[in-house]
Amino acid sequence: MSMARTNAGGGAAAPDRAFQPSIGQPVIELKGVDRVFHSDRGEIVALKGIDLTVCEGEFVTVVGPSGCGKSTVLNVIVGLLDPSAGEKFYKGKPSRGVNRNIGYVTQADNLFPWRTVIENVTFGLEVRGIGNRSEREDRGRELLKRVGLDGFENHYRHELSGGMRQRVNIVRTLAYEPEVILLDEPFGPLDAQTRLNLQDLLMQLREERPETTFMFITHDLAEAITLGDRCAVMSARPGRIREVVEVPLGHPRDVYTINTHSDFRRLFDEVWEHLAEEMRGGDGG
Ligand SMILES: Nc1ncnc2c1ncn2[C@@H]1O[C@H](COP(=O)(O)OP(=O)(O)O)[C@@H](O)[C@H]1O
Ligand SMILES: [Mg+2]
């Protein structure tokens with residue numbers, strides 16, 4: 001797949017870019033958030049006392065055991081679910097209902113089957129009245145090219161592989177440039193090379209729009225450390241934020257070589273130790 005950056009593919013050279021994230025005011029704040037689900041078999045406490053602040057321009061990754069409530073946290077943040085208890089703020093103000101400033105890349109692609117790839121990608125721009133048709137299509141085409149999908153603009157969902165659908169799904173959210181982008185295991189169905197190329201694209205987008213705030217769920221700890229300024233480790237259900245690990249690996253990040261950074265292994269082990277304890281059944285707390 002062709003990508004825009006010339007050293008895509010893993011050259012040893014660091015990117016020749018000067019970029020430092022500028023971290024601003026809190027954008028997302030959860031304070032003591034619980035979420036309980038009721039079903040025929042009783043109550044499931046999915047989240048218990050979630051405290052988390054994510055500031056403008058930050059990239060926070062989230063890891064945790066399967067079923068610990070990672071997706072539920074994102075659903076609460078975007079407003080698809082209300083907290084059962086606790087408080088939620090967006091840019092310092094209490095927030096309820098679906099937040100249209102937040103873009104959400106879910107695990108399922110949800111592409112419109114009756115729209116072509118480019119029509120799916122420009123949909124978010126269209127409903128927000130951004131640009132005219134040809135401007136929207138230019139923006140869409142540029143992003144599709146950057147994920148190796150040029151030539152597929154007029155294809156329909158059923159004509160794409162799972163990995164291609166997921167790339168369209170990601171581009172569809174990136175296209176309208178939301179203030180906050182939430183991604184729920186977005187690279188799951190992708191092969192290792194495509195995954196690296198998309199990690200690189202996210203790092204490039206951060207540099208192009210440093211005010212964008214990211215939350216990124218992954219089960220891949222190396223990915224969590226590669227991308228994050230901080231990595232939040234969640235406890236086993238009921239989900240809490242067990243630990244937030246700072247990831248001081250510097251910027252700009254070259255996703256192709258960052259795993260050779262002298263601190264990478266230490267950070268990986270630190271996150272892994274927290275996660276392993278949760279998978280073993282917690283630390284007794
Ligand atoms: N809509 C729902 N109704 C009932 N239970 C749910 C619902 N959504 C999630 N859960 C439960 O809440 C817990 C956390 O789910 P989820 O957030 O999907 O976890 P994760 O994304 O970490 O795998 C799980 O036990 C799951 O079964
Ligand atoms: Mg999930």
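Every read-out reported here was derived from the displayed coordinates using simple, explicitly stated rules and does not represent laboratory data. Keep in mind it's a predicted model, so treat the numbers as computed, not measured.
Odds and ends about this structure:
- Among beta bridges that DSSP assigns inside the range 110-266, antiparallel share in %, nearest 5: 55
- Across every pair of non-identical alpha carbons in the chain, the mean reciprocal distance, once inverted, gives a Kirkwood radius of 19.7 Å.
- Whole-Å distance, taken between Cα centres, linking the range 195-255 and the range 154-179: 21
- Report summary: the helix-based calculation at 222 nm, which adds -39500 (n - 2.57) for every DSSP H run with n ≥ 4 and divides by the residues of the chain, gives -10000 deg cm²/dmol.
- Rounded to 5, the percent of DSSP beta bridges in the chain classed as antiparallel: 55
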